[in-house]
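Presented below is the structure to which this report refers.
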Amino acid sequence: MRKKIVVLTGAGVSAESGIATFRASDGLWEGHRVEEVASPEGWKANPEKVLQFYNERRKGLLDAQPNEAHKILAQLERNFDVTIITQNVDDLHERAGSSNVLHLHGELMKARSSVDESHVVTMKDWELKMGEKCPKGHQMRPYIVWFGEAVPMMEQAVMEAMGADIFIVVGTSLLVYPAAGLLDYAPRQAPKYIIDPKVPAVRAFPNLHFIEEVATKGMKKLEAILMRDYTH
């Protein structure tokens with residue numbers, strides 16, 4: 001029976017594809033205060049600015065390509081049952097070939113009604129404009145979980161983490177909650193691997209292993225370990 005791998009990924013996975021990490025050291029996101037472009041208050045104050053911000057992110061994403069880390073995670077499906085839980089809003093995991101991806105913070109290439117949360121559409125292009133409305137007449141907004149909003153996929157993510165035979169964390173500082181808390185739900189006996197060039201400050205977990213590398217190099221090393229130790 002194939003082992004179940006659950007992977008929590010963050011901005012460090014997509015950084016090597018040229019996708020800017022969510023928040024720089026100065027607290028800005030692409031030169032904007034995060035509250036202005038990633039909160040319900042920012043949307044209410046200036047929806048045009050918010051739409052323009054995500055249009056630019058979308059345009060950049062269309063030019064980006066999955067990197068080796070994305071590709072290795074997708075290839076693991078040949079030998080393991082793999083679920084990816086990502087904090088990233090890009091679609092690079094899917095484009096690399098991963099078939100089971102759970103987006104905690106939304107998806108950049110989708111839009112939703114600003115009032116009817118159940119109305120979600122996949123965008124064909126990078127631009128979302130003022131005046132584009134849902135069938136009920138409400139302005140469409142980015143399908144992003146903003147600060148102050150609930151994380152609707154969290155319950156499912158917890159269930160996945162609880163069922164892991166192997167739990168992997170790649171490219172996240174484990175500072176953003178509730179996602180960072182998923183490590184707590186991985187079974188005690190499950191091997192846990194954290195890949196990051198700077199080891200995050202996490203409390204001692206049983207069976208915890210650190211690989212101090214960027215995502216592409218770290219995943220290459222971990223792939224060799226997984227194939228050697230868990231595929232017999």
In the set Q156, Q87, the lone residue that is open to solvent by 30 Å² or more (accessible area, probe 1.4 Å) and under 30 Å from M1 (Cβ atoms) is Q156
Assuming F167 fulfils every condition listed in (1) at positive phi; (2) in contact with a Phe, Trp or Tyr (Cβ under 8 Å, 6 or more places away or on another chain) apart from one, which condition is it? (1)
Among the residues of segment 56-69, write down those that are open to solvent by 10 Å² or more (accessible area, probe 1.4 Å) and either modelled with pLDDT under 95 or of a type outside the set (S, T, N, Q) (or both). E56, R57, K59, G60, L62, D63, P66, E68
Failed condition for K221, given (1) within 30 Å of H119 (Cβ to Cβ); (2) part of a helix (DSSP H, G or I): (1)
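Would you mind stating whether I72 is in contact with a helix residue (DSSP H, G or I) (Cβ under 6 Å, 6 or more places away or on another chain), of a type in the set (V, I, T) and open to solvent by less than 60 Å² (accessible area, probe 1.4 Å)? Walk me through how you get there before you give the answer.
Working: in contact with a helix residue (DSSP H, G or I) (Cβ under 6 Å, 6 or more places away or on another chain): yes; of a type in the set (V, I, T): yes; open to solvent by less than 60 Å² (accessible area, probe 1.4 Å): yes.
Yes: the conditions hold for I72.
Identify all residues within segment 91-107 that are touching a strand residue (DSSP E or B) at 6+ places or on another chain (Cβ under 7 Å), closer than 19 Å to M123 by Cα and open to solvent by 10 Å² or more (accessible area, probe 1.4 Å); write none if there are none. Show your work before the answer.
As a first pass, look at segment 91-107 and keep what is touching a strand residue (DSSP E or B) at 6+ places or on another chain (Cβ under 7 Å): 91, 93-94, 98, 100-107.
Of the ones still in play, those that are also closer than 19 Å to M123 by Cα are 91, 93-94, 101-107.
Matches in segment 91-107: D91, E94, V101, H103, H105, E107.
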Kindly provide the set of residues from segment 198-226 that are under 14 Å from V169 (Cβ atoms), surrounded by 15 or more Cβ atoms within 10 Å (Cβ to Cβ) and charged (D, E, K, R), ordered by number. E213
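The values are calculated or read from the model by the stated rules, or taken from the named source; none is laboratory data. Predicted model only: the values in this text are computed from it and were never measured. Cβ atoms come from the backbone with ideal geometry, glycine included; neighbour counts cover every protein chain shown. Heads up: the accessible areas ignore ligands, DNA and RNA and are worked out on the full protein's heavy atoms, side chains in. Shrake-Rupley method; radii C 1.70, N 1.55, O 1.52, S 1.80 Å.
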